[in-house]
Structure formats: C-alpha cells, structure tokens
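J.: Let me begin by handing over the structure; questions about it come next.
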Amino acid sequence: MRFPKNIRFECQRCARCCGDTTERKRNILLLESEVRQISSVTGLEATKFSNPSSGTEPYRYVMKKKEKRCTFLKGIDCQIYPHRPLICRFYPFSLEQLGAESYEFKVSGECLGVGLGKVIEEKDFRAMLDKALNCMQVRR
C-alpha cells in the first residue's frame, strides 16, 4: 500500500467535495450496496438519486446532482451523512488499485482542509483500505 506521507487533513465543512467546481466535475460513485442502503434509509427508489454507471467498477452507479451538487446536499449539510458513500468518507483521499493486491491512496489538492489538522498516519490509511475491501466484499 502506498499513501501520501506527512499529509495533514481536517475537514473544513465547505462542501466543495459535494459538487462540481470550475476546475472539475465531481462524480460521486456508488457501490450497489450503498445504493441499497441509501434507498433503505431514505425510502427513495435508486432511480431518484442515482444513475447506472459503466466502466467504473466496482462502482455501479453515480449520484445524481441538482444544480451541480449532490442531490442529498442541503446548504452545506449532507442529509445522509451517517450513510454517505465510501467515496465521500475517504475524501480528500482516493484509492486506486494498482495490481491484484497493490493499492495507492492519492490526495486532492483542491480540498481546503489539506495541510490542516492532524497528520494522517499509516494506520489511518490501513483502516481506510480495510473499510474499502470490506465494502467491496459486501457487494459481491
């Protein structure tokens, strides 16, 4: 596992990660299990908040947006925060699979919280990787 060293992060609750910016289009990818969970807690059918996605495996859906922001974002508050997707939980970090059992975490430089707060340590990245691998297994 590779990860950024000596990186600090503290969420600034700015919600930039929840929608498009002038620099990039945000795609909030969803696992099938996440779509089921969000449907369960909101009472909404999957088609109300997501679209099928291809070529993004293991993610099978992409969150719909309203006015270029996540459909569940109200102001700067996530309406499904306890059930938010893995991709949201990891931000500003993203995980790439490099090989059969090789992974790399990358960090988004656009996040206002990068460089602030506590150093994210190897144990934190290992916990995120374990969470990701567990979520992927639930999907199968």
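Here's the yes/no breakdown for (1) closer than 16 Å to residue 94 by Cβ; (2) of a type outside the set (S, T, N, Q); (3) over 14 Å from the mean Cα position of the chain (by Cα):
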| position | (1), (2), (3) |
| --- | --- |
| 16 | yes, yes, no |
| 19 | no, yes, no |
| 41 | no, yes, yes |
| 44 | no, yes, yes |
| 51 | no, no, yes |
| 60 | no, yes, no |
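J.: Specify which of the listed residues (40, 54) is of a type outside the set (Lys, Arg) and modelled with pLDDT of 95 or more.
T.: Just a single option satisfies the conditions, and that option is 40.
J.: Go through the stretch 38-63 and report how many residues are in contact with a strand residue (DSSP E or B) (Cβ under 6 Å, 6 or more places away or on another chain), surrounded by fewer than 18 Cβ atoms within 10 Å (Cβ to Cβ) and in a loop (DSSP other than H, G, I, E, B).
T.: Number satisfying all stated conditions: 2.
J.: Cβ contacts < 7 Å: first residue touching a residue at least 12 places away in the same chain (Cβ under 8 Å), restricted to the stretch 84-109; second residue among the acidic types (Asp, Glu) and surrounded by 19 or more Cβ atoms within 10 Å (Cβ to Cβ), any location; separation 6+ or different chain. Result?
T.: 85/34; 86/34
J.: Identify, from the list 132, 127, the residue that is farther than 26 Å from residue 21 by Cβ and either at pLDDT below 95 or assigned to a helix (DSSP H, G or I) (or both).
T.: Testing whether each residue is farther than 26 Å from residue 21 by Cβ and either at pLDDT below 95 or assigned to a helix (DSSP H, G or I) (or both) leaves just 127.
J.: Taking the stretch 81-105 as the search range and keeping residues that are in contact with a strand residue (DSSP E or B) (Cβ under 9 Å, 6 or more places away or on another chain) and part of a loop (DSSP other than H, G, I, E, B), which one is nearest to residue 4 (Cα to Cα)?
T.: Pass one, the stretch 81-105, residues in contact with a strand residue (DSSP E or B) (Cβ under 9 Å, 6 or more places away or on another chain): 84-88, 90, 92-98, 102-105.
With the extra rule that they be part of a loop (DSSP other than H, G, I, E, B), the set shrinks to 84-85, 92.
Numbers: 84: 24, 85: 22, 92: 12 Å.
Ranking the qualifying residues of the stretch 81-105, first place goes to 92.
J.: What is the residue count in the stretch 104-124 for residues that are farther than 27 Å from residue 19 by Cβ and either exposed (fewer than 12 other Cβ atoms within 10 Å of the Cβ) or not acidic (Asp, Glu) (or both)?
T.: Total satisfying the criteria: 3.
The values are calculated or read from the model by the stated rules, or taken from the named source; none is laboratory data. What you see is a predicted model, and the numbers here were worked out from it, not measured in a lab. All Cβ positions, glycine included, derive from the backbone under ideal geometry; neighbour counts span all protein chains shown.
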